[in-house]
Every structure is written in C-alpha cells, then in structure tokens.
1. Inside segment 63-106, can you point out the residues that are within 20 Å of residue 176 (Cβ to Cβ), hydrophobic (A, V, I, L, M, F, W, C) and either assigned to a loop (DSSP other than H, G, I, E, B) or touching a residue at least 40 places away in the same chain (Cβ under 8 Å) (or both)?
2. Would you mind telling me which numbered condition in (1) free of Cβ contacts under 8 Å to residues at least 40 places away in the same chain; (2) part of a helix (DSSP H, G or I) residue 113 fails?
3. Quick check on segment 174-191. Is at least one of its residues surrounded by fewer than 17 Cβ atoms within 10 Å (Cβ to Cβ) and touching a Gly at 6+ places or on another chain (Cβ under 6 Å)?
4. Within segment 104-113, is there a residue that is of a type in the set (Phe, Trp, Tyr) and buried (at least 17 other Cβ atoms within 10 Å of the Cβ)?
5. Against the conditions (1) closer than 17 Å to residue 40 by Cβ; (2) aromatic (Phe, Trp, Tyr); (3) touching a Ser or Thr at 6+ places or on another chain (Cβ under 8 Å), where does residue 147 fall short? Just the number, please.
6. Confirm whether residue 126 is of a type in the set (Val, Ile, Thr), within 16 Å of residue 80 (Cβ to Cβ) and surrounded by 17 or more Cβ atoms within 10 Å (Cβ to Cβ).
7. Could you check segment 47-93 and list, in sequence order, the residues that are surrounded by 15 or more Cβ atoms within 10 Å (Cβ to Cβ), β-branched (Val, Ile, Thr) and closer than 24 Å to residue 151 by Cβ?
8. Just to be sure, is residue 127 assigned to a helix (DSSP H, G or I) and modelled with pLDDT of 95 or more?
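The values are calculated or read from the model by the stated rules, or taken from the named source; none is laboratory data. Keep in mind it's a predicted model, so treat the numbers as computed, not measured. Cβ coordinates were reconstructed from backbone atoms using ideal geometry, including for glycine residues, and neighbour counts include every protein chain displayed.
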Amino acid sequence: MKLRMIIAALAFGASLPALFATAEATAAATAGQPAPNFTLTDAQGNTVQLSDFKGKYVVLEWTNPGCPFVRNHYNTRNMQTLQSSWGERGVVWLSIDSSNKSSFDFMPPAKLGEWMHAKGAAQKAVLVDPDSATAKLYQAKNTPQMFVIDPQGKIIYAGAIDDRPSTRPEDPLAAHNYVRAALTEAIGGKPVTTTASTPYGCSIKY
C-alpha cells in the first residue's frame with residue numbers, strides 16, 4: 001500500500017510541470033497577460049518578430065482565405081478599412097495564417113500574399129505559421145480571431161472581431177467591432193471596456 005502511494009505521489013509530482021506549463025500558455029493569451037513573443041516568416045520570405053514592435057499597439061488577426069467568415073470581412077472591405085485606418089495611426093497590424101501545411105486549408109505563402117494583394121489588404125505583414133505553433137501558443141482556434149497588444153507588450157483584448165457571428169454582407173459594417181473599440185479606448189487613455197469575447201468563425205486546422 002505504501003509503495004503504491006509513493007508511486008502515485010511521484011507520478012503526480014512529475015505531472016506538475018506539464019500542468020503549470022499548460023496553465024501558463026493559456027494565461028499568456030488572456031487579456032492582462034504579456035503577449036508571447038514569436039518569430040514567423042511573411043509571405044515574401046522576410047522574418048518578422050513580435051518583439052520588433054514593442055512600443056507600438058499591435059493587432060494580431062488570425063486569417064484563412066478559405067473561411068467564409070474571413071472572406072465576408074474582406075469582401076465587404078471591413079478588414080481592409082480597419083487595417084488601413086489604424087495603420088495610419090501607427091498601429092501595427094499582423095495577419096497570421098496558421099493552417100497546418102498538411103491541411104486542406106494551407107495556402108502557399110506566395111499565393112496567400114497574392115490573395116491579400118488582390119483584396120487590397122493593408123496590414124503590416126501577412127505571416128505564415130505552417131506548423132500552427134504560434135496559434136497554439138496563443139490558443140487561437142478560429143478565423144478570424146483577434147488580439148490587441150499595447151505598447152508595453154500586454155494583451156488588452158482577445159476574442160472575436162465583432163458581436164455578429166455571421167457571413168451576411170450587411171453585418172460587418174453594422175456590428176459592434178471589439179477591435180476598433182479596444183484601440184479607440186486604449187489610445188484615448190481610457191480602460192478597455194470589453195477585454196475578451198468568444199471568437200467565432202472557422203476552426204484553425206492544426
């Protein structure tokens with residue numbers, strides 16, 4: 001009996017680091033926590049690191065051109081308008097495609113860049129996460145899924161782009177946009193009212 005208790009205790013102790021690592025990873029993608037750093041390659045083959053933009057507001061947009069929800073935001077030019085208007089105010093907008101290279105949703109970097117260019121996208125960079133490691137780091141599971149990071153590197157918003165989980169063309173412009181609201185309040189020196197919401201859209205294929 002004692003031997004079994006000792007074995008059980010050792011097994012529990014061995015599992016603690018894994019439990020804490022999981023909890024830490026989840027907390028790291030939550031509003032109020034530091035944004036985990038990452039290094040990815042953009043559609044042109046350039047290396048981009050999140051920490052390069054410390055001192056600026058950063059928006060992370062998880063994307064997938066094959067997703068109807070993503071396409072709706074681009075077809076209505078809602079996403080491009082956000083990228084352009086906030087980019088003019090010094091906000092760094094990074095779009096990330098984390099579709100695993102083994103999945104049907106994966107799009108080669110050059111083709112992804114061409115799709116964004118054809119749509120008139122205005123983000124700072126289009127990043128490719130072919131092993132889905134960055135998506136897992138942030139616990140990003142949907143497209144579009146959004147994170148807003150302040151100049152100190154802290155997440156101030158995480159979740160859906162807006163409050164209308166729909167593919168109807170009339171909805172993106174009529175919705176309450178959480179990203180716009182968070183940036184407006186934070187840059188205006190006010191606390192962010194909504195720091196988290198439940199993301200909607202297509203699942204990221206890890």
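1. 69, 70, 79, 82, 86, 91, listed by residue number.
2. Unmet for residue 113, out of (1) free of Cβ contacts under 8 Å to residues at least 40 places away in the same chain; (2) part of a helix (DSSP H, G or I): (1).
3. The answer is no, given that none of the residues of segment 174-191 is surrounded by fewer than 17 Cβ atoms within 10 Å (Cβ to Cβ) and touching a Gly at 6+ places or on another chain (Cβ under 6 Å).
4. Yes.
5. Of the numbered conditions (1) closer than 17 Å to residue 40 by Cβ; (2) aromatic (Phe, Trp, Tyr); (3) touching a Ser or Thr at 6+ places or on another chain (Cβ under 8 Å), the odd one out for residue 147 is (3).
6. When the stated conditions are applied, residue 126 passes them.
7. Passing the criteria: 48, 58, 59, 63, 81, 91, 92.
8. For residue 127, the condition - assigned to a helix (DSSP H, G or I) and modelled with pLDDT of 95 or more - is not met.
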